[in-house]
């Protein structure tokens, strides 16, 4: 279970001590815990520009600086723990500022489906009163996010510090913390949403079906399948083994979505997805080959001199970001829900400068729209051997046909016993009708002619 603790102040006093006590007791050895401190991790106020609601979350001026990290931690968490002292009968301004940035995630707009399978615990303390309204400041958002189960605890500690809290009050706190802890479900897949969450969902669903909401929101609900038979708390989480790509040549396009039960999709990389691309390479790409951890797939786009000079991971991170934002780095990200499970570097051969300049890769004339290249592919270790590479290959071929390319090329290693065939094994190309165009010293040029339908 992933646990995220969000602290409404930098001060580690009574509220923090109680929330931390709960987290330490509820955490099992296999669990992970992350902490956010406000305002350090999110110091900006919502500007009220409305861009997140009308155009998308990544249009928020604070998204790439602060919110993308916070959002990722929230989405990856199974248990959210909020801790806020009571300031003038309300939650801290920092907590309010953070929650204001997620107005677009209220069910009236575009809620995150995983919320319905999350649990949340909110703690608040005060010297006197106001805990109830402080907690409501938080639970209002959590309810409208669709969080499945929400627990709260507010207590008057009659002190400004933990050391000054009376023993009888500490005993009461200890008992309550244990009580809440006993209600936490440690298997996220078994969390069921409360009646409140489901009622709000169905109410908003009715509004969207009647056409009362803005189009961007209704389109999102349609895409998620919620206007039909799909419910966010009923998503079947199939194991990767159950993924079965469509048969190549069947005439059925490999679209953005895979079979619904797999909850996995392949998406073309766009500049808007740069943070997902970078997060994958920062954390998961080549995780079992540390020597390649700073790759960022730059070799295919940088000249040899620049590639050898740019060796620090942070520098390569920044260079990759620039290439993605410029639309030069192209390819596909493979998603399992919100998690990136793999990457395929593919695009027009003319955009691969080092390939075009190296005579070893020469086949015939290079002009835009003529040859598409599948340069390399990295699938996260947990997803390998499950048919994902086949599905990616099918997608590349299908897109090449739709985009009007004449050929697709790949450059698998000639050493078939190589530890990790990140350019794809030769047999994969052979399976999809590629022919050996030329054998070089350390790799093959595999080529497939794309026949257009008459």
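We did not get these values from a lab; they are worked out from the coordinates using the rules stated. Model, not experiment: these values are computed from the prediction. Heads up, the Cβs are rebuilt from the backbone with ideal geometry, glycines too, and the neighbour counts pull from every protein chain shown.
Figures for the structure shown
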{"read-out": "In nm, spacing of pseudo-spin labels at residue 34 and residue 227 (7 Å Cα→C-beta vector)", "value": "3.3"}
{"read-out": "Added length on full extension, which subtracts the Cα-Cα distance from 0.36 nm per residue, residue 401 to residue 161", "value": "79.6 nm"}
{"read-out": "Calculated FRET efficiency for the pair residue 328/residue 437, C-beta based, R₀ 25 Å, to 0.05", "value": "0.50"}
{"read-out": "Between the stretch 322-349 and the stretch 357-389, the Cα center-to-center distance that results, in Å", "value": "12"}
{"read-out": "Full-stretch length increase - residue 363, residue 27 - with 0.36 nm per residue and alpha-carbon distance subtracted", "value": "115.2 nm"}
{"read-out": "Protection proxy ranking of 392-402, 272-282, 429-439, 358-368 - average other beta-carbon atoms within 10 Å, highest first", "value": "392-402, 272-282, 429-439, 358-368"}
{"read-out": "Between the stretch 32-81 and the stretch 182-220, the alpha-carbon center distance in angstrom", "value": "21"}
